[in-house]
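Below you'll find the structure, written out as structure tokens, and then a few comments.
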Amino acid sequence: MDKLIAPAQSLAFSASYIAVLILLGVILTFRVVFVRRSARISLGDGDNTELRKRIRAHGNFAEQAPWIALALIVLPFLGAREWMVHLVGVTGVTGRILHAIAVSKGDSLLKYRVMGMVLTTGALVLGALLLLVCAWR
């Protein structure tokens, strides 16, 4: 029964990382909306290269960020230590920021896109492994 009560500090850190992810998602959404409005494209990308990049940056974020957030929600309830939450949170948030910037800017920032992908994948794998360790210890 103890595990159903998450330590307040770990939960607060998790909530903070999730808040940053949410705000990044909102920023990416508005970046798509601004191009849509200025180019008067309501559906699809209208063969607009800038809109296509922004849609993809937002879409990739929407595909990956929820898994990071889910790990951050569950870890404190399983009694994860604060360093575990920070490891997943910092790695995941940094990865998502780097990837979003790089995809939005195009091929000129390919190394940042790769770093973002590596950090995001690392956060997902670490999150999954830590969830298993905490759940079964």
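Values quoted throughout were computed directly from the atomic coordinates according to the rules given, and no laboratory measurement underlies them. Values in this document were obtained by computation on a predicted structure and should not be read as measured data. Note: ideal-geometry Cβ built from the backbone for every residue, glycine included; neighbour counts use all protein chains shown.
A few remarks follow.
- Net charge dipole size for segment 2-136 [Lys, Arg +1 and Asp, Glu -1 on Cβ; Debye, nearest 20]: 460 debye
- Label zone at V133, where the point sits 7 Å out along the Cα-to-Cβ direction: segment 71-92 residues whose backbone N lies under 12 Å: 80-88
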